[in-house]
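Take a look at the structure below.
The values are calculated or read from the model by the stated rules, or taken from the named source; none is laboratory data. Remember, predicted model here, so these are calculated numbers, not experimental data. Methodologically, a virtual Cβ is constructed for each residue, glycine included, from the backbone with ideal geometry; neighbour enumeration extends over all protein chains shown.
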Amino acid sequence: MIPIFDTHAHLDLEPFSNDFDTVIQRLESGTLPVVLDELLEQPIEMTGVLLPGIDAQSSFRCAELAKRLPFFRAAAAIHPNYVVNATENDWKTVTELAHNDLVVAIGETGLDRHWDYTPIEQQIAALRQHIDLAVQTAKPIQIHCRDAWNDMLPILRRAVQEKKLTGIIHAFSGEPEQAMECIDLGFYLSFAGSVTYRNAKFSPLWESAKIVPADRLLIETDSPYMPPHPFRGKLKRNEPTLAVLVAHRLAELRGVTLKEIAETTTQNAKQLLW
């Protein structure tokens, strides 16, 4: 069996609302939503799926979904793009959820300059609030960073220096230098469907995937987003079992077997999140 641990899947969102039970069945049986028999040497087994919240209501849904399967866990936070609408009650909900045993991480939180939904100053304040919550609960933080490395890295440097903080850089999209700085700060790097894309503009990401130490490597789908190659633009929705294609691409880039990547990333995820 090929063990697969998807460290980031938004199964609580609308694209899964009409056939969630079917998706659950695929997860339990390790069945892909597409035919890929020629790729897989062995059947896959889902060993874990982390369900991150993007606002208070989403975080609550994820915590409830975490009760559905023994390999589900949840994370609670307010995504930077939604911070602008967050109320005091929303923060209270996230804080309460963060103390739930099935909520194993604070996420997803971070900074996003790609979209202009929340002023960056407000995003930074919210990120610091999430960092404090992660430290208080002794749980890892799950970081979203899009086009905001110059803002993000100084905040993480200071947080690591002043506090006991660890976590995941979700859907890592940076260059090798940024990858190594995150590693030096004690973070795990999680790769998503983007590392499978074949456009030359992703070559810095491929180089990053080659140099991350094996004990800091994770995989994810960011479902329902970012279907991996060769299904980019062809599937309307990504699913956690397709994390096997991310693992396959990492194995290709790093010159190891699919099973080695799958076993390593599962072990890393369980060590951090279980």
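Can D90 be described as of a type outside the set (G, A, S), at pLDDT 95 or above and either touching a Ser or Thr at 6+ places or on another chain (Cβ under 6 Å) or outside any helix (DSSP H, G or I) (or both)?
On the way: of a type outside the set (G, A, S): yes; at pLDDT 95 or above: yes; either touching a Ser or Thr at 6+ places or on another chain (Cβ under 6 Å) or outside any helix (DSSP H, G or I) (or both): no.
For D90, the condition - of a type outside the set (G, A, S), at pLDDT 95 or above and either touching a Ser or Thr at 6+ places or on another chain (Cβ under 6 Å) or outside any helix (DSSP H, G or I) (or both) - is not met.
Given the structure, is V84 outside any strand (DSSP E or B), at pLDDT 95 or above, among the β-branched types (V, I, T) and farther than 29 Å from L27 by Cα?
Numbers: outside any strand (DSSP E or B): yes; at pLDDT 95 or above: yes; among the β-branched types (V, I, T): yes; farther than 29 Å from L27 by Cα: yes.
So V84 passes the test.
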Scan (1) part of a helix (DSSP H, G or I); (2) surrounded by 19 or more Cβ atoms within 10 Å (Cβ to Cβ); (3) in contact with a helix residue (DSSP H, G or I) (Cβ under 9 Å, 6 or more places away or on another chain) for the single condition R128 breaks and write down its number.
(2)
List the number of the failed condition for K234; all other conditions in (1) outside any helix (DSSP H, G or I); (2) touching a helix residue (DSSP H, G or I) at 6+ places or on another chain (Cβ under 6 Å) hold.
(2)
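So, E121, is that one part of a helix (DSSP H, G or I), acidic (D, E) and modelled with pLDDT of 95 or more or not? Steps first, answer last, please.
Working: part of a helix (DSSP H, G or I): yes; acidic (D, E): yes; modelled with pLDDT of 95 or more: yes.
Judged against the criteria, E121 is a match.
Sort out which residues of the range 237-274 are free of Cβ contacts under 8 Å to residues at least 40 places away in the same chain, outside any loop (DSSP other than H, G, I, E, B) and of a type outside the set (A, V, I, L, M), and write them in order of number.
Going residue by residue through the range 237-274, those that are free of Cβ contacts under 8 Å to residues at least 40 places away in the same chain are 251-252, 255-257, 260, 267, 271.
With outside any loop (DSSP other than H, G, I, E, B) added as a condition, the list becomes 251-252, 260, 267, 271.
Across the range 237-274, the qualifying residues are E252, E260, Q267, Q271.
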Quick check: is even one residue across the range 224-235 in contact with a strand residue (DSSP E or B) (Cβ under 9 Å, 6 or more places away or on another chain) and either surrounded by fewer than 17 Cβ atoms within 10 Å (Cβ to Cβ) or at pLDDT 95 or above (or both)?
yes
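Among the listed residues A171, A179, identify the single one that is surrounded by 13 or more Cβ atoms within 10 Å (Cβ to Cβ) and outside any loop (DSSP other than H, G, I, E, B). Don't jump to the end; show me each part of the working.
Details: A171 fails: outside any loop (DSSP other than H, G, I, E, B).
That would be A179, the only listed residue that is surrounded by 13 or more Cβ atoms within 10 Å (Cβ to Cβ) and outside any loop (DSSP other than H, G, I, E, B).
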Looking at the range 54-66, is at least one residue among the hydrophobic types (A, V, I, L, M, F, W, C), touching a Phe, Trp or Tyr at 6+ places or on another chain (Cβ under 9 Å), in a strand (DSSP E or B) and buried (at least 19 other Cβ atoms within 10 Å of the Cβ)?
no
E64 fails exactly one of (1) touching a helix residue (DSSP H, G or I) at 6+ places or on another chain (Cβ under 6 Å); (2) modelled with pLDDT of 95 or more, namely (1)
If we ask which residues in the range 194-209 are over 19 Å from the mean Cα position of the chain (by Cα) and part of a helix (DSSP H, G or I), their number turns out to be 5
